[in-house]
């Protein structure tokens, strides 16, 4: 990223945080200037005790429209452009009569200042991978994922991996930030259909008389599936792409990895806007709210400054990578502290009514687990068993539902 250099055009950017009560210049501020060609310059500014400071940028040629972005000092220039932070636009006309411009002081409010102090945090996750008899599992790869879900789609975002040592111990360091523009946050994630969520949502929809036909789960997020639900309560249809005609059984039939969704035109901000209308059309459900399922639970993950973690562990056995721990969304550890030792810590925020992981001995009669608590024991076949059970239950329910109305899904 280019630093500020000498040139024929100069932009002076004064900053003013004097309006913040009990202000202390504990942290530097980063100022980024992006010209009309997309070239960016950045400067760190250490504010004075009275909250004043400035940055000066030079351009070799007339820069045209310049976007000035201000944010926390530990953010990169690219990160600042994706954050919902202070931004000022300088028009191209402003350079017609002068080679040097000075902006009006840009006020930094308390809301932004205090958020900048915490917008990015460093997490350390420690733990052990052990066998059922307590013996260590060395050389296994442990990966941590931040998990988000809305309706019946889920995204598992890789935040870090580590390899266990001779004692089965691992340590993962994670830098986690929040406050993104929804479109940027969405672009970083891949969505897939989650049968465990379908299993919880479909029965609620089937008990709702204003919904004549349960929408068919689509592997890729598509807001158009809510049109039938909104129509039942007189709501307006969603102006988006038509839902694809993927049958329920076909959507759930494939293995977990085969249900990954291809990118689709969904405005994440529209998801938030849809919530009030859907809550009017859907029955209340304390269970789904407790399970943090949107729209019964509010959902704006681009503002989530905490990590919600699940683990996947693989080990190379006879030259093949074998999954030995494969946690589901019901194993999510919510809002973990910045330093967590899984050998002694158990979250008090775990979803109370979520089903306990299935315990079943694999062919080798070896059960692998993360050494956290007895309730998190997970076999290498548990996820497969749970998926098959979910698929069977939902398929039976849907056959019964559609046999009374005519066509069957598929």
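Could you say whether any residue in the range 104-124 is more than 32 Å from the chain's Cα centre (by Cα) and closer than 16 Å to residue 16 by Cα?
Checked against the condition, which is being more than 32 Å from the chain's Cα centre (by Cα) and closer than 16 Å to residue 16 by Cα, the range 104-124 yields at least one hit.
If I filter the range 315-332 down to residues being surrounded by fewer than 18 Cβ atoms within 10 Å (Cβ to Cβ) and under 24 Å from the mean Cα position of the chain (by Cα), which single residue comes out as nearest to residue 165 (Cα to Cα)?
Within the range 315-332, the match that is nearest to residue 165 (Cα to Cα) is 323.
Could you pull out the residue among 308, 335, 304 that is closer than 30 Å to residue 162 by Cα, at pLDDT 85 or above and touching a strand residue (DSSP E or B) at 6+ places or on another chain (Cβ under 6 Å)?
308
Report those helices (runs of 4 or more DSSP H) wholly inside the range 98-212 carrying at least 3 residues which are over 30 Å from residue 50 (Cβ atoms) and in contact with a helix residue (DSSP H, G or I) (Cβ under 7 Å, 6 or more places away or on another chain).
Of the helices (runs of 4 or more DSSP H) lying wholly inside the range 98-212, those with at least 3 residues that are over 30 Å from residue 50 (Cβ atoms) and in contact with a helix residue (DSSP H, G or I) (Cβ under 7 Å, 6 or more places away or on another chain) span 182-187, 195-206.
Return the only residue of 28, 40, 55 being in contact with a helix residue (DSSP H, G or I) (Cβ under 7 Å, 6 or more places away or on another chain) and assigned by TED's automatic domain parsing to the domain that holds residue 89.
None of the others qualify; the one that does is 40.
For residue 217, are the conditions met, namely being farther than 30 Å from residue 114 by Cα and either touching a helix residue (DSSP H, G or I) at 6+ places or on another chain (Cβ under 6 Å) or crowded, with 20+ Cβ neighbours inside 10 Å (or both)?
yes
Checking residue 224 against (1) within 20 Å of residue 265 (Cα to Cα); (2) outside any helix (DSSP H, G or I), which test does it fail?
All conditions are met except number (2).
To keep it simple, each residue is scored yes or no on (1) assigned by TED's automatic domain parsing to the domain that holds residue 49; (2) in contact with a strand residue (DSSP E or B) (Cβ under 9 Å, 6 or more places away or on another chain); (3) buried (at least 19 other Cβ atoms within 10 Å of the Cβ); (4) in contact (Cβ under 8 Å) with a residue 12 or more places away in the chain.
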{"position": "82", "(1), (2), (3), (4)": "yes, yes, yes, yes"}
{"position": "89", "(1), (2), (3), (4)": "yes, yes, no, yes"}
{"position": "93", "(1), (2), (3), (4)": "yes, no, no, no"}
{"position": "96", "(1), (2), (3), (4)": "yes, no, no, no"}
{"position": "99", "(1), (2), (3), (4)": "yes, yes, no, yes"}
{"position": "103", "(1), (2), (3), (4)": "yes, yes, no, yes"}
{"position": "111", "(1), (2), (3), (4)": "yes, no, no, no"}
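Listed here are the residues, each with its yes/no results for (1) under 26 Å from the mean Cα position of the chain (by Cα); (2) modelled with pLDDT of 90 or more; (3) closer than 17 Å to residue 91 by Cβ.
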| position | (1), (2), (3) |
| --- | --- |
| 48 | no, yes, no |
| 54 | no, yes, no |
| 63 | no, yes, yes |
| 72 | yes, yes, no |
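Taking residue 356 as meeting all but one of (1) surrounded by 14 or more Cβ atoms within 10 Å (Cβ to Cβ); (2) at pLDDT below 80; (3) touching a helix residue (DSSP H, G or I) at 6+ places or on another chain (Cβ under 9 Å), write down the number of the exception.
(1)
Looking at the range 188-199, is at least one residue within 25 Å of residue 118 (Cα to Cα), in contact (Cβ under 8 Å) with a residue 24 or more places away in the chain, touching a strand residue (DSSP E or B) at 6+ places or on another chain (Cβ under 9 Å) and crowded, with 19+ Cβ neighbours inside 10 Å?
So far as the range 188-199 goes, no, none of its residues is within 25 Å of residue 118 (Cα to Cα), in contact (Cβ under 8 Å) with a residue 24 or more places away in the chain, touching a strand residue (DSSP E or B) at 6+ places or on another chain (Cβ under 9 Å) and crowded, with 19+ Cβ neighbours inside 10 Å.
The values are calculated or read from the model by the stated rules, or taken from the named source; none is laboratory data. This one's a predicted model, so the numbers in the text were calculated from it and none came from an experiment. All Cβ positions, even for glycine, are placed from backbone atoms using ideal geometry, and neighbour counts span all protein chains on display.
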